[in-house]
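What follows is a short report on a single structure.
Read-outs throughout are calculated quantities, based only on the coordinates presented, and are distinct from any laboratory measurement. Bear in mind the structure is a predicted one, so any value in this text is a computation, not a measurement. Glycine also receives a Cβ, built like all others from the backbone with ideal geometry; neighbour counts cover every protein chain displayed.
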């Protein structure tokens, strides 16, 4: 029974991740006026499965000077946390679901940190430090945004709770600036363009997962897309009036659109943005919303 | 030779008779290419965008206040119902508790009827001293 409930979450998430990768490649190709995957299967629909098979049959490399335990554990940590976050949305009915997800996204930092540190490579280590700094900086703004959202989430008795089932439907109008900030912070949390300096470094032979091959890399890849899907579902729950596949797909399209449109931020630019722009802005919005909640709405 | 075959000009005897082909601009020259930036200065001003956003946010808070009114009404209803119903529920629970205590005491009296000096219902730690933790461990579990 436990295995069945695990599979009920894991299998759809993996399928979702697989087709998200295909969708991303097709959308990027359309934006760049070229062909995407169109050879394997009808319209390239089997491409993700062949990609997964390719990654599975590759030779797994274990650098001799790396820390074996942490090196092997890091992708597993990232993957497991991304799956548990989905359980946090769908299985839990606690009044603090938002807190659970924030805690899990904070723990996801450890997967990245262990990967970069255990690789025993200077470039991997620098990449992991930058990734960790990025994720931690934008998690702050995300948490403060959640505070503002939590002001308006109440259960039937008027108690404040962060449950996803009680979000009022007009929150997207009242918190429109916060919606924009939330979407940008989840771009940064998932290390997507324009905040993908840590990942782009992989193109330049750097980045926290440079030493990984085969399934280790595949697990990081899956964890990244699963995190993207979780953050999209959070945004649709809080700001678009509930969870649905269409809203999730629309936000994911926004992710890919941003990737196809914008250049990359430099390290100092995104740190400045996170600490000197978004954090004061979200704190200010929280102060205003709290005052409105106390003096106007009550 | 191939040039003369492919270009097919009749009557030529060698490649030197072929017309000269140069990659040159078309007659009249290429059209001019605009290279300077001409960013459009049209569209809404910052103040207009701010005003529209403020209007949307204001509308959202108005909707939220309406919804909060409904939530407050339902919360008041729930609390009122609890205030009325809770004494009855507590009384029922108390009756069941007392009944359970009585049965427990009778059972204890039946089991310990042959033990001299045993008073049913008396705490077992009455005649000796135990440190607080252990006496807590020996409390009756209800």
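Points worth noting:
- The Rg/Rh ratio for the range A:66-297 is 0.98, where Rg is the radius of gyration of the alpha carbons and Rh is the Kirkwood radius.
- Going by neighbour counts of Cβ atoms within 10 Å, the residues A:257, B:93 line up, fewest first, as B:93, A:257.
- Among A:8, B:42, a tally of other beta-carbon atoms within 10 Å of each Cβ gives an order, fewest to most, of B:42, A:8.
- Quick note on the range A:71-129: its Rg to Rh ratio, both from C-alpha atoms and Rh being the Kirkwood radius, is 1.12.
- Each label was represented as a point 7 Å from its Cα along the Cα-to-Cβ direction; for residue A:296 and residue A:180 these points are 1.8 nm apart.
- The range A:66-297: relative contact order as a whole-number percent, Cα under 8 Å and 6+ apart: 25
- C-alpha long axis of helix B:46-111 to longest principal axis of chain B, angle in °: 30
- Taking each residue as 0.36 nm, the span from residue A:28 to residue A:68 lengthens on full extension beyond its C-alpha to C-alpha distance by 10.7 nm.
- Packing, as the average of other Cβ atoms within 10 Å across residues, places the peptides A:48-55, A:136-143, B:31-38 in the order A:136-143, A:48-55, B:31-38, highest first.
- Bins of 5 Å, starting at 0 and running to the largest distance - Cα pair percent for the range A:1-158: 2, 7, 11, 13, 15, 17, 16, 11, 5, 2, 1, 0
- Each principal axis of the Cα cloud of the range B:40-142 was evaluated for its coordinate range; sorted largest first, these ranges are 103, 36, 17 Å.
- Acute angle (nearest 10 degrees) that the helix A:279-292 long axis makes with the longest principal axis of chain A, alpha-carbon atoms: 30
- Springs between Cα atoms under 10 Å define the GNM used for chain A, and in it the highest mean-square fluctuation of A:184, A:237, A:45 occurs at A:45.
- Counting neighbouring Cβ atoms within 10 Å and putting the fewest first, the residues A:144, B:20 line up as B:20, A:144.
- Angstrom value of the Kirkwood radius, inverse mean 1/r, which spans all Cα pairs in the range B:55-104: 14.1
- On the principal axes of its alpha carbon atoms, the range A:174-267 extends 45, 29, 18 Å, with the longest extent given first.
- Averaged over the residues of peptide B:47-58, the number of Cβ atoms from other protein chains lying within 10 Å of each residue's Cβ is 2.
- Pairwise Cα distances in the protein assembly as shown exceed 34 Å in 55 percent of cases.
- Shielding of B:67-75 by partner chains, average beta-carbon count, 10 Å: 4
- Ranked by the mean number of other Cβ atoms within 10 Å of their residues, highest first, the peptides B:70-82, B:116-128, A:224-236 come out as A:224-236, B:70-82, B:116-128.
- Chain B: most fluctuating residue of B:67, B:22, B:101 per GNM, C-alpha cutoff 10 Å: B:22
- Among the residues of B:97-106, the average count of other protein chain beta-carbon atoms within 10 Å of the residue beta-carbon is 0.
- With Cα atoms, 0 to 90° folded angle of helix A:214-239 axis to chain A main axis: 20
- Springs join every pair of Cα atoms under 10 Å in this Gaussian network model of chain A, and among A:69, A:150, A:56 the largest mean-square fluctuation is at A:69.
- Once the mean of 1/r is taken over each pair of separate Cα atoms and inverted, the range A:15-90 shows a Kirkwood hydrodynamic radius of 15.1 Å.
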